[in-house]
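The values are calculated or read from the model by the stated rules, or taken from the named source; none is laboratory data. Everything quoted here is computed from the prediction, not taken from an experiment. Reconstructed Cβ throughout: ideal geometry from the backbone, glycine too, with neighbour counts over all protein chains shown.
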């Protein structure tokens, strides 16, 4: 049975959302979408792994774009990977700034 492209995309997005919600529930022990900085056990160390994850997703997107391997994925896959990578880099940058030059401690 062949599904239209839109249906496969919706099913894929629903699957990604379920995976994210499951990860969030396992890591933080409650339902949510966006983790605040106070929820992390050690934000000073974790910000670098979040930053590297974002850079890895952006690199994968670029590799898929310049190689023929990217043709096996649906067209919006690169857009979604870029979006998630940019959000991860932005989150890590925010944590870095609030722990550094924007901290309230003197």
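Things to note:
- Conditions (1) closer than 20 Å to residue 9 by Cα; (2) touching a residue at least 60 places away in the same chain (Cβ under 8 Å): number failed by residue 77: (2)
- Residue match in the stretch 39-46 (condition: touching a helix residue (DSSP H, G or I) at 6+ places or on another chain (Cβ under 6 Å) and closer than 22 Å to residue 18 by Cα): yes
- Single match in 57, 52 (criterion: in contact with a helix residue (DSSP H, G or I) (Cβ under 8 Å, 6 or more places away or on another chain), within 30 Å of residue 30 (Cα to Cα) and surrounded by 12 or more Cβ atoms within 10 Å (Cβ to Cβ)): 57
- Checking residue 64 against (1) in contact with a helix residue (DSSP H, G or I) (Cβ under 8 Å, 6 or more places away or on another chain); (2) under 30 Å from residue 102 (Cα atoms), the condition it does not meet: (2)
- Listed by first and then second residue, the pairs with beta-carbon distance under 9 Å, at least 6 apart or on different chains, first residue in the stretch 40-58 and not assigned by TED's automatic domain parsing to the domain that holds residue 98, second surrounded by fewer than 18 Cβ atoms within 10 Å (Cβ to Cβ) and outside any helix (DSSP H, G or I), form an empty list.
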